[in-house]
Amino acid sequence: MANLILWRHAEAEVQGANGLDTNRILTKNGRKDAVKMAKWLNQHLPPNTEILCSPAKRCLETAEALQNFSRLEIKIADFLSVDSTVEQIAKKITNDDSTKTILVIGHQPNLGMLIAKLLGMNESACVVKKGAVWWLRQREVSGVLQTYLFTVQHPDY
């Protein structure tokens with residue numbers, strides 16, 4: 001993987017339909033923020049991007065904002081669900097294809113913990129704000145694979 005882009009779902013309602021966390025939908029402000037970030041992503045995503053999305057309603061709505069600007073296919077990935085672990089996510093997104101970009105639409109704290117793990121930081125070091133995008137890149141230097149933070153974008157920026 002050359003690029004890993006982690007996008008936290010935008011602001012969601014406090015309670016979902018039937019009281020289920022997975023049924024929480026975006027707020028009006030969340031929908032606006034998702035569109036802002038979708039526009040930015042659409043301008044910057046490489047054409048070979050694979051988009052993986054949590055099955056939670058708020059993540060699907062965040063992904064839909066991108067689909068309105070892009071023809072890229074969005075794949076629902078159960079391993080990104082609210083109940084997933086960082087280990088499960090890391091195992092599924094790790095690959096040897098250095099030309100591939102993976103965009104993950106998911107949840108905090110797992111996204112922040114994954115970033116911290118990949119950057120060799122304390123597990124609680126990274127907090128991904130609602131609607132924000134963290135873009136990590138990997139490169140090989142003298143035979144050693146390095147992961148570094150390329151950019152962070154937030155809807156308010």
(request) Could you tell me whether ALA56 is surrounded by 15 or more Cβ atoms within 10 Å (Cβ to Cβ) and either under 18 Å from THR101 (Cα atoms) or touching a residue at least 60 places away in the same chain (Cβ under 8 Å) (or both)? (result) no
(message) Among the residues of segment 59-70, what is the count of those that are out of contact with any Leu (no Cβ under 8 Å at 6 or more places or on another chain) and crowded, with 20+ Cβ neighbours inside 10 Å?
(response) 2
(request) Name the residue, out of SER98, SER81, that is of a type in the set (S, T, N, Q), in contact (Cβ under 8 Å) with a residue 40 or more places away in the chain and within 23 Å of LEU149 (Cα to Cα). (result) SER98
(message) I'm checking my understanding of the structure. Among residues of segment 1-19 that are in contact with a helix residue (DSSP H, G or I) (Cβ under 9 Å, 6 or more places away or on another chain) and modelled with pLDDT under 90, which one is nearest to VAL133 (Cα to Cα)?
(response) MET1
(message) Step by step: first the residues of segment 21-53, then only those that are in contact (Cβ under 8 Å) with a residue 24 or more places away in the chain and of a type in the set (Ser, Thr, Tyr), then the one that is nearest to LEU111 (Cα to Cα). Which residue is that?
(response) THR22
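The values are calculated or read from the model by the stated rules, or taken from the named source; none is laboratory data. Fair warning: this is a prediction, and the values are worked out from it, not measured in the lab. Note that each Cβ is placed from the backbone with ideal geometry, even for glycine, and that neighbours are counted across all protein chains shown.
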